[in-house]
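The values are calculated or read from the model by the stated rules, or taken from the named source; none is laboratory data. As the structure is a prediction and not an experimental result, all values here were calculated from the model. Counting neighbours? That spans all protein chains shown, and the Cβs are built from the backbone with ideal geometry, glycine included.
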Amino acid sequence: MKRRVVQAGADPVLEMRVTMNGEFLEALQAIAKEKDIPLDILIETVESALATAYKRNSPTSGEVRVQIDSTRGSAQPFFVYVEKIVVETVENDLEEIDLEEARKINPEVLIGEPVKLPVPLGSFGRIAAQTAKQVVVQRIREAERRKIFDEYNERVSEVVTGTVQRREGGNVVIALGKLDAILPRQEQVDTEPYRFNDRIKVYVLEVRDGAKGPQVIVSRTHPSLIRRLFELEVPEIADGIVTIKSVAREPGARSKIAVMSRDEKVDPVGACVGHRGARVQAVVNELYDEKIDIVRWNADNSLFIAEALSPAKATKVTVKENEKSAFVIVPDTQLSLAIGKAGQNVRLAARLTGWRIDIRSEAQVARAVLTAMTPMPEDDEEVDDETEVSADSTEETESLSDNLGKYELVRDPNALVDVEVIGDEGDSTGNVDEESEAASEAGSQNDHAVRIEKEERVGDASTEPTGTV
């Protein structure tokens, strides 16, 4: 056991105070390191707590303050005082002191300057010490909560990694290290299991300062989650060379992202896909096999809309800038692929581009033109079921004509506008169903050229599926 050697002539009480001050500072430094709180903030917190405890134990006049001496060699760990202003005539004893009394403490003080009046500590017994301990612990806990709140409040709209802990009602509790985050029911993906101890990445929605401390709300359905995951996996996006222009997502099913490159030498789609699809596959694995289409963004809205309908290929895209609507013609074999299961593909394309998209097949357009060329019967003639055209179908066909303008459907491939569409290779053949094959058989019966005049009166009795979003 080590013993402290006291030099001859030294004051034992002074030596004890110096030792206590050193131990006190070491304890504060240990707490600051453990709680990850800056030492100066911790000292201010302890000063405020000691002042509160002293006022509870020894009521005095004036605002009591405590100042901790951070010098290790100091004989007094902290100094308790009341600060007052020096005046000629005292009107408020709690805040003012006359010049004569102030000169006894500080001979050089002047009128208008503050002076610190020492407050006797008195007997600080067990109850007072316990009160001081409780106040200090409470203030340190509050400082720790503020530190955590500020830390996660700066990470709003970012992705953090956590571990699934438990379920509370419909919510899932995610451990983020210093605190637990809440994944609400409406922010969960129905197809994801959220098993105990699963490590998942979540999107920070907001941070609330509750009575029990900061509460972090996270999401797994937010579209920006995909944006942040690609920023983590693709260095070109993190460096700003490749930019994600827009994201459309149906959580758990399918997503589409539009990307562009600021460097002509860098292919934005290839950068996001990675070598043998490694980068995009890492994002797909994190989202539990959610399908992702990566398309190239284009400043030309017609080309961008054609790209957004990937993996389907558009033959013709006509846009109305003032209405932000687009009319798209696709091959007969691509109609079902362009619309998607339950309209999913065209719905995501509309969200990705921000445009209203109306899709028709070449066979539907040809049938609309044939119907328009059929002479209208006179009023006294009977109209059979095969030649009857309703008002609704006539208006729809007129809309087709207005969108198309003067456009000649020619089976010559060189006369058609074939827009190259980039998407997932695995989806280019997997989404063609029986309805697509039926549309192919219907299209083979319309192998002739028809010219559509811009202001013709047309009618359409077609019953084939169409896609409008």
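Looking at region 65-99 only, could you name the residues that are under 46 Å from the mean Cα position of the chain (by Cα) and at pLDDT 75 or above?
65, 66, 67, 68
Condition check ((1) out of contact with any Phe, Trp or Tyr (no Cβ under 7 Å at 6 or more places or on another chain); (2) surrounded by 12 or more Cβ atoms within 10 Å (Cβ to Cβ); (3) assigned by TED's automatic domain parsing to the domain that holds residue 49; (4) not in a strand (DSSP E or B)) across all residues:
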{"site": "79", "(1), (2), (3), (4)": "yes, yes, yes, no"}
{"site": "82", "(1), (2), (3), (4)": "yes, yes, yes, no"}
{"site": "85", "(1), (2), (3), (4)": "yes, yes, yes, no"}
{"site": "103", "(1), (2), (3), (4)": "yes, yes, yes, yes"}
{"site": "111", "(1), (2), (3), (4)": "yes, no, yes, yes"}
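Going by what's in this entry, would residue 271 be described as free of Cβ contacts under 8 Å to residues at least 40 places away in the same chain, part of a helix (DSSP H, G or I) and touching a helix residue (DSSP H, G or I) at 6+ places or on another chain (Cβ under 8 Å)?
So residue 271 passes the test.
If a residue must be in contact with a Phe, Trp or Tyr (Cβ under 9 Å, 6 or more places away or on another chain) and either over 19 Å from residue 154 (Cα atoms) or buried (at least 16 other Cβ atoms within 10 Å of the Cβ) (or both), how many such residues does region 192-212 contain?
Counting residues in region 192-212 that are in contact with a Phe, Trp or Tyr (Cβ under 9 Å, 6 or more places away or on another chain) and either over 19 Å from residue 154 (Cα atoms) or buried (at least 16 other Cβ atoms within 10 Å of the Cβ) (or both) gives 5.
Taking only pairs six or more apart or across chains, which ones have beta-carbon atoms under 9 Å, a first residue in region 27-38 that is over 18 Å from residue 133 (Cα atoms), and a second residue that is assigned to a loop (DSSP other than H, G, I, E, B) and of a type in the set (Lys, Arg)?
36/178
(1) of a type outside the set (Asp, Glu); (2) over 15 Å from residue 345 (Cβ atoms); (3) out of contact with any Asp or Glu (no Cβ under 9 Å at 6 or more places or on another chain): which one isn't true of residue 309, the others all being true?
Only one criterion in (1) of a type outside the set (Asp, Glu); (2) over 15 Å from residue 345 (Cβ atoms); (3) out of contact with any Asp or Glu (no Cβ under 9 Å at 6 or more places or on another chain) is unmet by residue 309, namely (2).
In region 278-291, which residues are of a type in the set (Val, Ile, Thr) and out of contact with any helix residue (DSSP H, G or I) (no Cβ under 6 Å at 6 or more places or on another chain)?
284
Failed condition for residue 170, given (1) in contact with a Lys or Arg (Cβ under 7 Å, 6 or more places away or on another chain); (2) touching a residue at least 24 places away in the same chain (Cβ under 8 Å); (3) not aromatic (Phe, Trp, Tyr), with all others met?
With respect to (1) in contact with a Lys or Arg (Cβ under 7 Å, 6 or more places away or on another chain); (2) touching a residue at least 24 places away in the same chain (Cβ under 8 Å); (3) not aromatic (Phe, Trp, Tyr), residue 170 is out only on (2).
Just to be sure I understand, how many residues within region 212-254 are of a type in the set (D, E, K, R) and assigned to a loop (DSSP other than H, G, I, E, B)? Can you show your working first?
Looking only at region 212-254, we keep the residues that are of a type in the set (D, E, K, R), and these are 212, 220, 227-228, 231, 233, 236, 239, 245, 249-250, 254.
In the following step, the residues that additionally are assigned to a loop (DSSP other than H, G, I, E, B) were identified as 212, 220, 239.
Residues in region 212-254 being of a type in the set (D, E, K, R) and assigned to a loop (DSSP other than H, G, I, E, B): 3 in total.
Mind listing whichever residues of region 176-191 are among the small types (Gly, Ala, Ser) and either at pLDDT 95 or above or exposed (fewer than 15 other Cβ atoms within 10 Å of the Cβ) (or both)?
Within region 176-191, 177 is the sole residue that qualifies.
Restricting attention to region 241-254, does a residue exist that is of a type in the set (A, V, I, L, M), touching a Phe, Trp or Tyr at 6+ places or on another chain (Cβ under 8 Å) and closer than 27 Å to residue 163 by Cα?
Within region 241-254, the first condition is being of a type in the set (A, V, I, L, M), and the residues that meet it are 241-242, 244, 247-248, 253.
Right, trim to touching a Phe, Trp or Tyr at 6+ places or on another chain (Cβ under 8 Å) and you get 244.
Still in the list and also closer than 27 Å to residue 163 by Cα: none.
No, region 241-254 has no match at all.
Enumerate the pairs (first residue in region 132-147 and within 17 Å of residue 34 (Cβ to Cβ); second residue anywhere and among the acidic types (Asp, Glu)) with beta-carbon separation below 9 Å, excluding pairs fewer than 6 apart on the same chain, so at least 6 apart or on different chains.
143/44; 144/36; 145/209; 146/209; 147/36
Just checking, does region 117-139 include any residue being assigned to a strand (DSSP E or B) and in contact with a strand residue (DSSP E or B) (Cβ under 8 Å, 6 or more places away or on another chain)?
Yes, the conditions are met somewhere in region 117-139.
Check region 144-167 and report whether any residue there is aliphatic (A, V, I, L, M), touching a helix residue (DSSP H, G or I) at 6+ places or on another chain (Cβ under 6 Å), farther than 14 Å from residue 286 by Cα and exposed (fewer than 15 other Cβ atoms within 10 Å of the Cβ). Break it down into steps so the answer makes sense when it comes.
Our first condition is that a residue be aliphatic (A, V, I, L, M); within region 144-167, this holds for 148, 156, 159-160, 164.
Imposing the further condition that a residue be touching a helix residue (DSSP H, G or I) at 6+ places or on another chain (Cβ under 6 Å) reduces the set to 159.
Imposing the further condition that a residue be farther than 14 Å from residue 286 by Cα reduces the set to none.
No.
Show the residue pairs that are 6+ apart or on different chains and have beta-carbon atoms under 6 Å apart, the first residue being within region 287-305 and closer than 17 Å to residue 274 by Cβ, the second being modelled with pLDDT under 95 and acidic (Asp, Glu).
293/424; 295/307; 296/307
Going through region 164-186 one residue at a time, which ones are within 23 Å of residue 145 (Cα to Cα) and assigned to a loop (DSSP other than H, G, I, E, B)?
176, 177, 178, 179, 184
Would you tally the residues in region 281-318 being of a type in the set (A, V, I, L, M, F, W, C), surrounded by 21 or more Cβ atoms within 10 Å (Cβ to Cβ) and not in a loop (DSSP other than H, G, I, E, B)?
9
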